[in-house]
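Each remark here refers to the structure printed beneath this line.
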Amino acid sequence: MTQIEKQILLDNVDLLLLLGFNDENLKILEDRFSSNIVVRGERVSVKGVSDEVAIIEKVFKEMVYVINTTGRLEKKDIYTIIDLTTQGQEIISNDDYDSIILYSKKDVIKAKTPTQVLYFENVKKNDICFAIGPAGTGKTYLAVAFAVAALKKGAVQRIVLARPAVEAGESLGFLPGDFREKIDPYLRPLYDALNDMIPSDQLRKYIENGIIEIVPLAYMRGRTLNNAYVILDEAQNATTMQMKMFLTRLGPNSRSIITGDITQIDLPSKKLSGLVQIQNILKDVDGVGFIYFNKNDVVRHKLVKDIIDAYENYMNGDGDS
């Protein structure tokens, strides 16, 4: 039979839980399989017959999944995983595993719709990705998940999240409190997403140490961001010059996601949205990708899609004038 060697990356997992004290979990695998299994850091090298190597790779993926969804891995779990996998049964399918973006503190975050899968693939191959579409499609939430996953893997050293502080029916001057309290409501959705993904104590330390920064877009001017994951949310409310300013902040080993809904522009009527314009400016630039969501990608409450439909019908003249 064909002998192969496979490298398995063990990222985003507690290696002590995975391998066990004194590698006792690893020894279970070595006893059950004839392949040679060597762990070096976060990489596993498996050498053996191709069919068995494929099973061992699946076993490792299942073990990682169990740890990151339950916070534990017992010997009985490993035996169950091995038995199920060798019988061709699965805890998760390969498609599910490949769609997992991040193991959050409560569950796994993964691409759920075909467009979200395209979004995931687009982000992996481009340094700059634009995600454009209606509310509720997961544009911002997944963008934050991509950034947190990159931070956990050590691919970047910090995350910068920005939003334009555009007045949508309310004036900042009339809101109570100091500037930070006035601006906080604009940034709250970004905090909410982070709170879902990172334990509160760790998130607070990240923010205090500047590893995660959440700022109004205007605060980006004059900066160069190296080794960073940079997200611009609600980008439909960035002007042409603000969009150019934001995109030119990227330094070496940095990546960026820009999200927005061009049907919800709050800029004064004389100002052109930078998100509308940028689609023509960068459409042929290598390393820049565009993903377009629609109402069928809505993953919030089922009524959100119906609300979007109702507004579209009304704006198209089907409602009362």
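The values are calculated or read from the model by the stated rules, or taken from the named source; none is laboratory data. Here the structure is a predicted model, which means the values were calculated and not measured. We place every Cβ from the backbone using ideal geometry, glycine too, and count neighbours over all the protein chains shown. Protein only, heavy atoms only, side chains kept; ligands, DNA and RNA dropped before computing areas. Shrake-Rupley method; radii C 1.70, N 1.55, O 1.52, S 1.80 Å.
Summary of computed values
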quantity	calculated
Positions within region 62-84 being open to solvent by less than 40 Å² (accessible area, probe 1.4 Å) and under 16 Å from L26 (Cβ atoms), in sequence order	E62, M63, V64, V66, I67, L73, D77, I78, I81, I82
Criterion (open to solvent by less than 10 Å² (accessible area, probe 1.4 Å) and either modelled with pLDDT under 80 or within 27 Å of L15 (Cβ to Cβ) (or both)) met by exactly one of A131, A147, A162	A147
Every residue from region 197-246 that is of a type in the set (D, E) and under 21 Å from A135 (Cα atoms)	D233, E234
Selection within region 277-293 - surrounded by 14 or more Cβ atoms within 10 Å (Cβ to Cβ) and assigned to a loop (DSSP other than H, G, I, E, B)	L282, F293
Meets criteria (modelled with pLDDT of 85 or more, of a type in the set (V, I, T) and outside any loop (DSSP other than H, G, I, E, B)) for V66	no
Scan of region 1-42 for residues that are touching a strand residue (DSSP E or B) at 6+ places or on another chain (Cβ under 8 Å), open to solvent by 70 Å² or more (accessible area, probe 1.4 Å) and modelled with pLDDT of 90 or more, ordered by number	E5, K6, Q7, E30, S34, N36
Residues of region 213-241 classified as assigned to a helix (DSSP H, G or I) and either modelled with pLDDT under 90 or surrounded by 15 or more Cβ atoms within 10 Å (Cβ to Cβ) (or both), total	8
Odd one out for G210, checked against (1) under 14 Å from S256 (Cα atoms); (2) open to solvent by less than 40 Å² (accessible area, probe 1.4 Å); (3) modelled with pLDDT of 90 or more	(1)
